[in-house]
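Working notes, structure below.
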Amino acid sequence: MIERFPMDKRKVVAKNKYESVHEELLEVGSKLLSNEILTDISLNSISEYTNISKTTIYEHFDSSFNKFLLQVIEYTWDRIQLIYSDRLSDDPIKNISTIFQTWHQFNHENLILTKNIYASYILFSDTEYFPVLKILIDIDRELKILNLNQKDTYELFRIFYVRIDELIVNPKIKNVDKLTEDIENYLRE
């Protein structure tokens, strides 16, 4: 049988190359956010860490640092999500604990990246670029399974955010097990 619209192999190769370059740019962006202060990073600074031309970098992000930053944040969330997604079970409380522990461990191991991402949230507030924290979507899904009322859901998110804030302010907090136990106890009450 003859294909009516055969896929142009050149288009497939070009698409694969574009995606590969884009992935490399996001990885470089993640490394930059892990090592530099946010205000010291620009689209130009990416070219110092890769052989990709400035023109290509600007094309990938429509010459917008905000688009670049948003995509790096989303790339980071996806990486965190991959760490815990295959460890989830049928127990929503355990899943929330797993997500929380993974989140805290990642943030603790990547403190500069975490601080830069939260600084980005401040920069993006009241803009079209405000990123969605995918982890909160996953926690919310688990909370719906538990059928928590709005007040309890709000309280759990408050605890979650306070713990994140504590981590950023005091990176010596290492006892994630204790923090997780607090959340599990709250959910079991």
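Let me check I've understood the local charge: for TYR49, count other residues with C-beta under 11 angstrom from its C-beta, Lys and Arg +1, Asp and Glu -1. What total comes out?
-3
Where does the chain land at 222 nm, in deg cm²/dmol rounded to the nearest 500, when only DSSP H runs of n ≥ 4 count, each adding -39500 (n - 2.57), divided by all residues?
-24000 deg cm²/dmol
In nm, to one decimal, how far is the modelled label at SER42 from the one at GLU19, with both set 7 Å along Cα→Cβ?
The modelled label-to-label distance comes out at 3.3 nm.
Sticking with the crude label model, points 7 Å out along Cα→Cβ, report the distance from LEU146 to ASP90 in nm, one decimal please.
The modelled label-to-label distance comes out at 1.9 nm.
Which angle between 0 and 90 degrees, to the nearest 10, do you get for helix 65-85 versus the longest principal axis of the chain when only C-alpha atoms count?
Once rounded, the angle reads 50 degrees.
How high is the relative contact order of region 1-116, in percent, counting Cα pairs under 8 Å that sit 6 or more residues apart?
Result for region 1-116 is 29 percent.
Once you place label points 7 Å from the Cα toward the Cβ at THR127 and LEU82, how far apart are they in nm?
2.7
Which angle between 0 and 90 degrees, to the nearest 10, do you get for helix 9-35 versus the longest principal axis of the chain when only C-alpha atoms count?
Tilt of helix 9-35: around 50 degrees.
Angle between the Cα long axis of helix 134-146 and the longest principal axis of the chain, 0 to 90 degrees, nearest 10?
For helix 134-146, the angle is close to 40 degrees.
Which links in LYS31/LYS67; LYS67/LYS115; LYS31/LYS54; LYS9/LYS67; LYS94/LYS134 stretch past 20 Å when you go from one Cα to the other?
LYS9/LYS67
Compute the FRET efficiency between GLU184 and HIS108 as 1/(1 + (r/R0)^6), taking r as their Cβ-Cβ distance and R0 = 22 Å, and round to the nearest 0.05.
Working: r = 19 Å, r/R0 = 0.87.
Efficiency for this residue pair is about 0.70.
Every number here is computed from the coordinates shown, using simple stated rules; none is lab data. None of these values were measured; they are calculated from a predicted model. So basically every Cβ, Gly included, is an ideal-geometry build from the backbone, and we count neighbours across all protein chains shown.
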